[in-house]
Amino acid sequence: MPTDERRADTRYADDQPAGEPSTATRSRIARSPAGQSPADRLAVHLIGSAEYGRVATSKRALPLLALARHIVSDGRVLLRMSRSLGYQDACAGSVVAYGTDNVGSARPGEALWSVQIVGQCEPVEPTAAQLELFGPVPPLADGEPYEPVYLGIEPRLCTVHSADGGLERRFRHIL
């Protein structure tokens, strides 16, 4: 199972849905600033192809794993969480890990993958366009009114895992 861990110091925007990258996405990949590895671009692309993931941090010296809605914008992973759950307090200002995968959504014959990024997490105020990408806010979270709070992660370390090498074949134009 190939693993590729590299530093992601540059920005890359990818807000395309799952599946093969569109022509616009391929041109953004081609125009990515020098210094960002193809594996980093693939990691950000794959995160952008999923809607939800899990953020990992610690709260009161205990591990915390929380569900979050996300989008990718300008190379950053933006998260939407419910304020009532309080997880944003543990994440904001900390280095966090964020991961997603296609284990439950892969179509027959599609390679299984998981992606993790690590980076500094900070509160953000999303633009109107970013809010539109997030989609509608759920009415409730654990029975409480859902009041959205937004966080951003600048990826510094990206890891992509593939079950069978299918990613390398499917995304060879990126790698």
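Which ³J(HN,Hα) values in Hz, rounded to whole numbers, follow from the phi angles of segment 96-110 under the Karplus curve 6.51 cos²θ - 1.76 cosθ + 1.60, where θ = phi - 60° and Gly and Pro get x?
10, 10, 9, x, 8, 7, 10, 4, x, 10, 5, 7, x, x, 7
Semi-axes of the equivalent ellipsoid for segment 46-106, please: Cα gyration tensor eigenvalues, times 5, square-rooted, ordered largest first, whole Å.
Values for segment 46-106, descending: 21, 13, 11 Å.
Report the gain in length on full extension from HIS161 to SER94: 0.36 nm times residue separation, minus Cα-Cα distance, nm rounded to one decimal.
Extra length available between HIS161 and SER94 comes to 21.7 nm.
For segment 140-159 and segment 58-120, what is the separation of their C-alpha centers, rounded to whole Å?
Using only Cα atoms, the two centres lie 7 Å from each other.
For segment 69-175, take every pair of Cα atoms, bin their distances at 10 Å starting from 0, and report each bin as a whole percent.
13, 36, 34, 15, 1
Describe numerically, in nm with one decimal, the distance between label points set 7 Å from Cα along Cα→Cβ at ASP142 and at SER105.
2.4
Since every read-out is calculated from the coordinates, none of them should be taken as a lab result. Note that this is a predicted model, so its numbers are computed, not measured. Every residue, glycine as well, gets a Cβ built from its backbone with ideal geometry; the counts of neighbours run over all protein chains shown.
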